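Asker: Could you have a look at this structure, given as structure tokens, before my questions?
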Amino acid sequence: MDGTKTIVRCGWCENDPLLISYHDEEWGKPVSGDDELFEALTLEIFQAGLSWKTIWHKRENFRNAFDNFSIAKVKSYEIEKVEALLEDKGIVRHRRKIEATIHNANVAEQLISKYGSLKNYFDSLPEDQLERQKAIKTTFKHVGLTTAESFLMAAGFIDPDHSEECFLKK
């Protein structure tokens, strides 16, 4: 034996350097910036029905396409921008998800105005996990219960669901 210890991670990392980096350094770590929370929610919406690997490998393309998820910019997108996004091969070209992103930017702006920040809004949700998920589902467009749960994990509002053998399992 050479004395080195193998680090075991969740299986979805697939020995993919981008996924390993996300798993080890970002997933489940608290996110507090408004645009960063908007990005996390938006990427979870685009991931629905697809693999996380697909979305993660397009993350920089999404950032470029959606102006670094600037809520102030995305909320004002017009039909011309939607059409341009539908032509962008670097992202997932799904009209309803793109339109939901614009809608959700407007919702996010209203929540920031009311609560001071998106983090304050998410922190104000019920403690019960299912009730939190339901609140997010009814607040944002194109969000189901699973997407809401994935977002809460990704952004550090609830503990991520690491596999039993993962070195990060609490």
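The values are calculated or read from the model by the stated rules, or taken from the named source; none is laboratory data. The model shown is predicted, which means the values in this text are computed figures rather than measured ones. Don't worry about glycine lacking a Cβ; one is built from the backbone with ideal geometry, like all the others, and counts go over all protein chains shown. We work out accessible area using only protein heavy atoms, side chains counted, and drop any ligands, DNA or RNA first. Shrake-Rupley method; radii C 1.70, N 1.55, O 1.52, S 1.80 Å.
Asker: Can you pull out the residues in region 130-170 that are assigned to a helix (DSSP H, G or I), over 27 Å from H94 (Cα atoms) and of a type in the set (D, E, K, R)?
Answerer: Of the residues in region 130-170, the ones assigned to a helix (DSSP H, G or I) are 130-139, 145-154.
Okay, now just the ones that are also over 27 Å from H94 (Cα atoms), so 130-131.
Scanning region 130-170 gives a single hit, E131.
Asker: Would you pick out the residues in region 87-118 that are over 15 Å from F140 (Cβ atoms), open to solvent by less than 30 Å² (accessible area, probe 1.4 Å) and either free of Cβ contacts under 8 Å to residues at least 60 places away in the same chain or within 16 Å of the chain's Cα centre (by Cα) (or both)?
Answerer: Narrowing region 87-118 to residues over 15 Å from F140 (Cβ atoms): 87-95, 113, 116-117.
Narrowing the set further to residues that are open to solvent by less than 30 Å² (accessible area, probe 1.4 Å) leaves 90-92, 117.
Those that are over 15 Å from F140 (Cβ atoms), open to solvent by less than 30 Å² (accessible area, probe 1.4 Å) and either free of Cβ contacts under 8 Å to residues at least 60 places away in the same chain or within 16 Å of the chain's Cα centre (by Cα) (or both): G90, I91, V92.
Asker: Checking W12 against (1) more than 23 Å from F140 (Cα to Cα); (2) out of contact with any Phe, Trp or Tyr (no Cβ under 8 Å at 6 or more places or on another chain); (3) at pLDDT below 95; (4) not small (G, A, S), which test does it fail?
Answerer: (2)
Asker: Residue by residue through region 5-35, note down the ones that are farther than 27 Å from S117 by Cβ and not in a helix (DSSP H, G or I).
Answerer: Residues of region 5-35 that are farther than 27 Å from S117 by Cβ, as a first pass: 5-20.
Within region 5-35, K5, T6, I7, V8, R9, C10, E14, N15, D16 meet the criteria.
Asker: A follow-up question, please. Does region 124-133 hold any residues that are touching a residue at least 12 places away in the same chain (Cβ under 8 Å) and open to solvent by 40 Å² or more (accessible area, probe 1.4 Å), and which are they?
Answerer: Of the residues in region 124-133, the ones touching a residue at least 12 places away in the same chain (Cβ under 8 Å) are 129-130, 132-133.
Answer for region 124-133, where residues must be touching a residue at least 12 places away in the same chain (Cβ under 8 Å) and open to solvent by 40 Å² or more (accessible area, probe 1.4 Å): Q129, L130.
Asker: Is it the case that some residue within region 148-162 is closer than 26 Å to H57 by Cα, open to solvent by 20 Å² or more (accessible area, probe 1.4 Å), within 17 Å of the chain's Cα centre (by Cα) and among the polar types (S, T, N, Q)?
Answerer: yes
Asker: Next question. Among the numbered conditions (1) polar (S, T, N, Q); (2) open to solvent by 30 Å² or more (accessible area, probe 1.4 Å); (3) closer than 30 Å to I20 by Cβ, tell me where T139 comes up short.
Answerer: Checking T139 against (1) polar (S, T, N, Q); (2) open to solvent by 30 Å² or more (accessible area, probe 1.4 Å); (3) closer than 30 Å to I20 by Cβ, the one that fails is (3).
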